[in-house]
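Enquirer: First, the structure itself, so that you have it in front of you.
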Amino acid sequence: MDKTYIMRKNNLFHVLIATGFGAGFSPFAPGTAGAVVATGIWIVCYFLFPVYLFPVTFGLIILFTLLGIWATNVLEATWGKDPSRIVVDEMVGVWIPLLAVTKTGSHVWLLVLLSFALFRLFDIFKPLGIRKVENLKGGLGVMGDDILAGIYSLVIVWGVKWWIG
């Protein structure tokens, strides 16, 4: 489907949020593209708000979860159930394990890479009940499985952070 038609047919705000500011239109691995954009946003926050990194990250998670559910509910009417171009769920999902990463901690970049990799693995393979959450209706199902994948990743990243000091 033509991108111009998609933008005309739907509210631009919903499209920008749902597609992760356009990352979802990537012709290759849109979910990964959305997670990369979210990680980039987090890295900017890491440098701009080092003292407030946790609350800023938490705020992004809450804000984009609510906006993502809303935008997905609106867009599924024309795009169908959980289309691949909706990647706001990947953005929220990758931010969740990044809650464990702090400015003052050691091994920051290792933990950032681990957060990204673990989230994508849980998101792709959907073990431990993640696939069941995906079956919820509308935006809640779209967002829910990635939130659970992010939570599983967060637990592991916290464990690794504790283990490596």
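The values are calculated or read from the model by the stated rules, or taken from the named source; none is laboratory data. Note that the structure is a prediction, hence the values are computed from the model and not measured. Heads up, the Cβs are rebuilt from the backbone with ideal geometry, glycines too, and the neighbour counts pull from every protein chain shown. All accessible areas refer to the heavy atoms of the entire protein, side chains included, with ligands and DNA or RNA removed. Shrake-Rupley method; radii C 1.70, N 1.55, O 1.52, S 1.80 Å.
Enquirer: Which numbered condition trips up Lys103, out of (1) assigned to a helix (DSSP H, G or I); (2) under 21 Å from Ile164 (Cα atoms); (3) touching a helix residue (DSSP H, G or I) at 6+ places or on another chain (Cβ under 7 Å)?
Expert: Answer for Lys103: the failing condition is (1).
Enquirer: Which residue, of Trp95, Trp79, is of a type outside the set (Gly, Ala, Ser), open to solvent by less than 40 Å² (accessible area, probe 1.4 Å) and under 19 Å from Tyr152 (Cβ atoms)?
Expert: Trp95
Enquirer: Cβ-Cβ distance below 7 Å, separation of 6 or more or different chains: which pairs start in region 30-43 with a residue that is within 14 Å of Phe119 (Cβ to Cβ) and of a type in the set (Val, Ile, Thr) and end on one that is at pLDDT 95 or above and not in a helix (DSSP H, G or I)?
Expert: Listed pairs, sorted by first residue: Val37/Gly20; Val37/Phe21.
Enquirer: Now for a separate question. Going by what's in this entry, would Glu90 be described as assigned to a helix (DSSP H, G or I), modelled with pLDDT under 95 and not hydrophobic (A, V, I, L, M, F, W, C)?
Expert: In short, no.
Okay, residues lined up against (1) closer than 21 Å to Leu154 by Cα; (2) open to solvent by 80 Å² or more (accessible area, probe 1.4 Å); (3) in a helix (DSSP H, G or I):
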{"site": "Ile43", "(1), (2), (3)": "yes, no, yes"}
{"site": "Gly59", "(1), (2), (3)": "yes, no, yes"}
{"site": "Ile69", "(1), (2), (3)": "no, no, yes"}
{"site": "Leu75", "(1), (2), (3)": "no, no, yes"}
{"site": "Ser84", "(1), (2), (3)": "no, yes, no"}
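Enquirer: Just to check your reading of the model, which residue among Leu114, Leu128, Leu154 is open to solvent by 10 Å² or more (accessible area, probe 1.4 Å), in contact (Cβ under 8 Å) with a residue 12 or more places away in the chain, of a type outside the set (Ser, Thr, Tyr) and at positive phi?
Expert: None of the others qualify; the one that does is Leu128.
Enquirer: Further, regarding this structure: Out of (1) part of a helix (DSSP H, G or I); (2) more than 16 Å from the chain's Cα centre (by Cα), what's the single condition that is false for Val51?
Expert: Failing condition for Val51: (1).
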